[in-house]
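Taking it in order: structure first as structure tokens, then the write-up.
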Amino acid sequence: MTPQSFRAWRKGLGMSQREAAEALGISMSSVQLYERGSRREDGRPVEIPKTVALACSAVSHRLPPME
């Protein structure tokens, strides 16, 4: 998942960054980092973890969390 596709996913669902963070169970700063695609401190690229990409798919399909 690229930063562009991550942002498109969030916007396509009409979510704010805060709402996306809550839905994915991650911090809002992580959402911002994934959308930016690089660290502010040194510009190192950031890879969106596969677990987050899979969670995005689950949220898109309105799947409940597994118990």
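We did not get these values from a lab; they are worked out from the coordinates using the rules stated. Please read these numbers as outputs of a predicted model, since none were measured by experiment. Here the Cβ positions follow ideal geometry from the backbone for every residue, glycine too, while neighbour counts run over all protein chains shown.
At a glance:
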item	result
Virtual spin-label span in nm between residue 61 and residue 17, 7 Å along Cα→Cβ	2.9 nm
Theoretical gain in end-to-end length, residue 28 to residue 44 [0.36 nm per residue, Cα-Cα removed]	3.8 nm
Computed [θ] at 222 nm, deg cm²/dmol, the chain (DSSP H ≥ 4; -39,500 (n - 2.57); rounded to nearest 500)	-16500 deg cm²/dmol
³J(HN,Hα) computed for each position of region 54-67 - Karplus, 6.51 cos²θ - 1.76 cosθ + 1.60, integer Hz, glycine/proline x	5, 5, 4, 5, 4, 5, 4, 8, 6, 7, x, x, 6, 8
